[in-house]
Amino acid sequence: MQFPKALLIDGKLRAEATGGRIQLIEPATEQPMCEVPAAGKPEVDEALEAASRAFATTRWARVPAPQRSGVLLKVATLIREHAEHLAQLEARNAGKPIGDARWEINAGARCFEYYAGAVSALLGETIPTSGEGFDYTLRVPVGVVAAIVPWNFPFLMACWKVAPALVTGNSVVLKPASLTPLTALELGRLALEAGVPAGILQVLAGPGSEIGDYLVAHPRTRKIAFTGETSTGARIMKLAADDLKRVSLELGGKSPNIIFADADIDAAAAAAPMSVFANTGQDCCARSRVLVEAPAYKRFVEGFVAATRALVVGDPLDEKSQIGPMISKGQRERVEAYIDEARNSGGRILIGGDRPRAKGWYLAPTIIDGLDSHARACQEEIFGPVACVIPFRDEAEAIRLANDTVYGLAGSLWTRDLERGLRVARAVETGVLSVNTNSSVYQEAPFGGFKRSGFGRDLGLDAMRLYTETKNVFIRVRYT
Ligand code: NAP
C-alpha cells in the first residue's frame, strides 16, 4: 500500500521537515505502519508566510465565488477517484471499520460538492438607511485560517473545515492529529492536483504540543477553526485572545439518549448500540448517557444489551466488522480506568468491560447501570465504547438529567407524543438533537455545541459565516 509521505507547503510536497518524523502504529495490529515528516516551527513560519502571500497576491480571494467552486468540484472528483485508497488508509490508520471509512470518505467528497454550490447562497443585503444613499453588505474572507482537527474522523473533520474556508476565498493551514495524518496529507496532494493555487492550502503534520500553540498564536493566523478536546479548545481561546483572532470551537460531548415509555422501545433499543459504540465510542456525538423512563427500563435495557451482543467487533479491513479497535494503547487504558472506577462504585457491567481480542487495542462495547448520575462515568467524556443507563420518573426529571452536564453537543429523544417531542427537543441544552432516530448530523444542517461543547457551527450555510466577515458599504447618492 502507498502511504502519503509529504507535507504540503506553498504548492510543494515536502518529504523532510525540521520536526523529525512521526511513526504511526496500526491500532488493529499494534505494529509500526509508516512514518511521515513532522513540521517544526520553521515549517509553520513558511506555511503561514505562503498562506498570507497567496491570500494577498493571488486571484483566489478576489475572483467570483463560482470560479473557486470549479476547483472544489475537481477536488471532490479526485476524492471519489481515490476513494478506496483513502478509505483503506483511514481504516488502517484510525482502526475504523472499512465500511465506516468508505462512508467518511464519501461524506468528505460530498462536503466539497455541497460548498461548491452552497457558496452561491452566501448573500449580502441591501439596507434602506436613514442617510441618503445605497447601503449593501458583502461577505469577505477572513484571511489566513489555521484548521486544527482531531483523530476520530480525520478526513471528514479536515473536509468540514477546508471546503467552506476555501470556497469563501481564504487560505488555509491544516494541521491533522499526530495519530492520524495520512488522509489529510493525501487531501493536500489531491487539492494541489485539482488546481488549488500554491499557498492557498498547506497541510502540516506535527505535534500539537510543539507547533499547535505556535500556529495559533502566530501573528499571520487570523482565524482558528478547531475540533478537539474541550481543554485544548479553552487553551486555544486564551492564546487567540490578545490578537482578537477569530475562533470557532467544536469540542467534547456527553450526549443523552432519552427514551420515554410511550416510544417504540424495540426500535430505540435496536438503534442505541450504534449511537454510542460506532467508531468504538470515539465520537463527540456518542449518546453515552442513556436515560430511560422507569416503566420501560427493563424492556429497553434487555433489548439494548441483546443488540450490543450482536455487534461484530473485528479487524477494520474485514467487511463484516462494525466495531474496530481503539485509537491507541493509552486511550484504551484511560477508558478501562473509567470502567474500573464505575465497577468499584457500585455500577453493574451488563455487557462488555473486557478486551475481546488478544492483539490490537480492542475494547468490548460496555453497558453499565446502577450508577448515580453524578458518577464520573456519567458526567465525563469517556471517548470509548461505554454507555451508562440511568432511569427517570417523568419528563421534568428527564430534562433535568439531560441538562445536568457541562457539555451540550448532541442528543436524541424517543417518544410517540408529538407535543412532548417538541417540548423536550426545545428544553434539552444541546446544539443538535434528533427525535425518534439517533441520526442528527447532515451536511446541509448546522452542527455544533452549547456550553463546553464549543461555539460556531460547522456544516450547512452557517459554516461559511465562520470564514467570512460582514462588510457594510454605504454609497452616497443624491436622490432628490
Ligand atoms: P485534542 O487532543 O484536543 O487534539 C485535537 C487537535 O489539536 C490535534 O490536531 C492536536 O494535535 C491539536 N493540539 C493539541 N494540543 C494543541 C495546542 N496546544 N494547540 C493547538 N493544537 C493542539 O483532541 P483529540 O484527542 O484529537 O480528539 C478527541 C476530542 O475531539 C474529543 O473531545 C471529541 O469530543 C472532540 N471532537 C469534537 C467534535 C465536534 O464536532 N464537536 C468532533 C470530533 C471530535 P496532536 O494530535 O499533535 O496532539
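A full extension of the chain between Gln2 and Ala121 corresponds to an added length of 38.9 nm, given 0.36 nm per residue minus the alpha carbon distance. Rounded to the nearest 20 debye, the dipole magnitude of the chain is 960 debye, with +1 charges on Lys and Arg beta carbons, -1 on Asp and Glu beta carbons, and the Cα centre as origin.
Quick one: Trp103, Trp414, Trp60, Trp160, fewest Cβ neighbours within 10 Å first, how do they rank?
Trp103, Trp60, Trp160, Trp414
Among Pro273, Tyr338, Val312, which residue has its Cα positioned farthest towards the positive end of the charge dipole of segment 256-442, with +1 placed on the Cβ of Lys and Arg, -1 on the Cβ of Asp and Glu, and the dipole taken about the Cα centre? Of Pro273, Tyr338, Val312, it is Val312.
Secondary structure note: in the chain, about 45% of the DSSP beta bridges are antiparallel.
Restricting the calculation to Cα atoms, the chain shows an Rg/Rh of 1.00 when the hydrodynamic-style radius is the Kirkwood one. Applying 1/(1 + (r/R0)^6) with r as the Cβ-Cβ distance of Glu302 and Asp394 and R0 = 25 angstrom yields a FRET efficiency of 0.65.
Each label was represented as a point 7 Å from its Cα along the Cα-to-Cβ direction; for Gln23 and Asp213 these points are 2.7 nm apart. Short-range pairs are left out: with C-alpha atoms under 8 Å and at least six residues apart, the relative contact order of the chain is 18 percent. Only Lys, Arg, Asp and Glu carry charge here, each on its Cβ (+1 for the first two, -1 for the last two); on that basis segment 256-442 has a dipole of about 340 debye about its Cα centre.
Taking label points 7 Å from Cα along the Cα-to-Cβ direction, Arg309 and Lys329 give a separation of 3.4 nm.
Among Lys451/Lys471; Lys5/Lys175; Lys12/Lys223; Lys41/Lys245; Lys96/Lys245, which pairs are too far apart, with a Cα-Cα distance over 26 Å? Result: Lys451/Lys471; Lys96/Lys245 exceed 26 Å.
When only the Cβ of Lys, Arg, Asp and Glu is charged (+1, +1, -1, -1), the dipole of segment 238-290 relative to its Cα centre reaches about 280 debye. Taking the fewest neighbouring Cβ atoms within 10 Å as the starting point, the ordered list for Ile323, Ile148 is Ile148, Ile323. Between Arg376 and Ala234, what FRET efficiency comes out of the Förster formula 1/(1 + (r/R0)^6) with R0 = 22 Å and r the beta carbon distance, rounded to 0.05? It comes out at approximately 0.65.
Assuming R0 = 30 Å, can you tell me the calculated FRET efficiency for the pair Asp242 and Thr470, based on Cβ-Cβ distance, to the nearest 0.05?
0.80
Dividing the mean sequence gap of close Cα pairs (under 8 Å, 6+ apart) by how many residues segment 52-134 holds gives a relative contact order of 34 percent.
Membrane-span-like helices in the chain (whole DSSP H runs, Cα extent of at least 15 Å along the helix axis, mean Kyte-Doolittle hydropathy of at least 0.5): 154-167, 182-194, 265-277.
Between Glu444 and Ala83, the distance separating the two model label sites (each 7 Å from Cα on the Cα→Cβ line) works out to 1.9 nm. Each of Pro32, Ala54, Gly20 was scored by the projection of its Cα onto the charge dipole of segment 20-60, and the greatest displacement toward the positive side belongs to Ala54; charges sit on the C-beta of Lys, Arg, Asp and Glu. Sorting Tyr136, Tyr407, Tyr479, Tyr362 from the fewest to the most surrounding beta carbons within 10 angstrom yields Tyr479, Tyr136, Tyr362, Tyr407.
Projecting the Cα atoms of Ala375, Val406, Ile258 onto the charge dipole of segment 256-442, computed from C-beta unit charges around the Cα centre, puts Ala375 farthest toward the positive end.
Throughout, read-outs are computed from the coordinates displayed, never taken from laboratory work. These numbers were taken from a predicted model, which means no experiment stands behind them. Every residue, glycine as well, gets a Cβ built from its backbone with ideal geometry; the counts of neighbours run over all protein chains shown.
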